[in-house]
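Novice: Let me begin by handing over the structure; questions about it come next.
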Ligand SMILES: Nc1ncnc2c1ncn2[C@@H]1O[C@H](COP(=O)(O)OP(=O)(O)OP(=O)(O)O)[C@@H](O)[C@H]1O
Ligand SMILES: [Mg+2]
């Protein structure tokens, strides 16, 4: 899927320390990653290992202590226009006093020089893409959790980013809604040619969705495992998850996480 040999999104020697009252925390201790255009990379790792920190550094929301991030060779030193970050907590990222339509239009009104008509047309296009046509005048609190997260995805994609960064975007929804959102994000990734970096706690989700899974090690984190996922596309929630290769990827990543946590593969009990 890569259309160039030059790395698209590149992280070199990323180190991040946080100074807090109790002392200094080393969150990331030298992370190197080259991400190809059009890939779907999941980042997994134990709680507190630095996944969100890494994603926020890619988004230009926080600065690394040392090291740098480049997109197509340009240094990231603030939020790049072609990169959008989707937060885990849709309840906090959507404006409760704005309708679905106003929430989706918000990003366009603030980022793009578009006429009112063009904003309205693009808003409608992305509401339809996430299958929320008919809910334009609803407020977030009148929608289910999965629908709210779809609004957040529509708002992000309406800006037509090249890179979509998602931090555990489905962790607050039930299992069936999660499957629906996984399919939505996969189909949008394929249709729109996005580059996605997706943080998840869930190894199965990471393997199913991705073309590559990166596991961060225990803090202070570096890349512990970097696994290309060579499963065929299109994928299927039942058939793909039954493939021996899928089970092999899953087993390798779980073994890594269990080892990090000091757990035996058959469980600690
Ligand atoms: N703003 C901050 N100030 C101080 N320490 C921070 C800050 N942000 C993160 N940290 C610390 O950096 C480390 C990594 O945090 P981070 O949120 O990136 O982990 P994570 O892998 O996303 O965890 P989780 O899976 O629980 O979301 C943690 O020790 C955390 O306490
Ligand atoms: Mg996190």
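Novice: Taking residue 61 as the residue in question, decide whether it is crowded, with 17+ Cβ neighbours inside 10 Å, touching a residue at least 12 places away in the same chain (Cβ under 8 Å) and within 30 Å of residue 256 (Cα to Cα).
Specialist: no
Novice: Quick check: is even one residue across the range 156-173 touching a residue at least 40 places away in the same chain (Cβ under 8 Å), within 25 Å of residue 79 (Cβ to Cβ) and loosely packed, with under 14 Cβ neighbours inside 10 Å?
Specialist: Within the range 156-173, none of the residues are touching a residue at least 40 places away in the same chain (Cβ under 8 Å), within 25 Å of residue 79 (Cβ to Cβ) and loosely packed, with under 14 Cβ neighbours inside 10 Å.
Novice: A further question on this structure: Any residue in the range 213-226 that is part of a helix (DSSP H, G or I), closer than 25 Å to residue 15 by Cβ, within 16 Å of ligand 1 (Cβ to nearest atom) and outside the structural domain of residue 100 (by TED's automatic domain parsing)?
Specialist: No, the range 213-226 contains no residue that is part of a helix (DSSP H, G or I), closer than 25 Å to residue 15 by Cβ, within 16 Å of ligand 1 (Cβ to nearest atom) and outside the structural domain of residue 100 (by TED's automatic domain parsing).
Novice: Also, I was wondering about something else. Here are some conditions: (1) crowded, with 18+ Cβ neighbours inside 10 Å; (2) not in a loop (DSSP other than H, G, I, E, B). Residue 102 meets all but one. Which one does it not meet?
Specialist: In the conditions (1) crowded, with 18+ Cβ neighbours inside 10 Å; (2) not in a loop (DSSP other than H, G, I, E, B), residue 102 misses (1) alone.
Novice: Within the range 31-41, which residues are surrounded by 16 or more Cβ atoms within 10 Å (Cβ to Cβ) and either closer than 23 Å to residue 254 by Cα or within 11 Å of ligand 1 (Cβ to nearest atom) (or both)?
Specialist: 31, 33, 35, 39, 40, 41
Novice: If you take the residues in the range 42-54 that are crowded, with 22+ Cβ neighbours inside 10 Å and closer than 30 Å to residue 191 by Cβ, which one is farthest from ligand 2 (Cβ to nearest atom)?
Specialist: The residue in question is 42.
Novice: Against the conditions (1) assigned by TED's automatic domain parsing to the domain that holds residue 15; (2) within 21 Å of residue 29 (Cβ to Cβ); (3) more than 16 Å from ligand 2 (Cβ to nearest atom), where does residue 208 fall short? Just the number, please.
Specialist: Of everything listed in (1) assigned by TED's automatic domain parsing to the domain that holds residue 15; (2) within 21 Å of residue 29 (Cβ to Cβ); (3) more than 16 Å from ligand 2 (Cβ to nearest atom), residue 208 misses just condition (2).
Novice: Let me ask something else about it. I want to confirm something. Restricting to the range 153-181 and keeping residues that are out of contact with any helix residue (DSSP H, G or I) (no Cβ under 7 Å at 6 or more places or on another chain) and within 16 Å of ligand 2 (Cβ to nearest atom), which single residue is modelled with the highest pLDDT?
Specialist: Looking at residues that are out of contact with any helix residue (DSSP H, G or I) (no Cβ under 7 Å at 6 or more places or on another chain) and within 16 Å of ligand 2 (Cβ to nearest atom), I get 166.
The values are calculated or read from the model by the stated rules, or taken from the named source; none is laboratory data. Since the structure is predicted, the reported quantities are computational estimates derived from the model, not experimental observations. We place every Cβ from the backbone using ideal geometry, glycine too, and count neighbours over all the protein chains shown.
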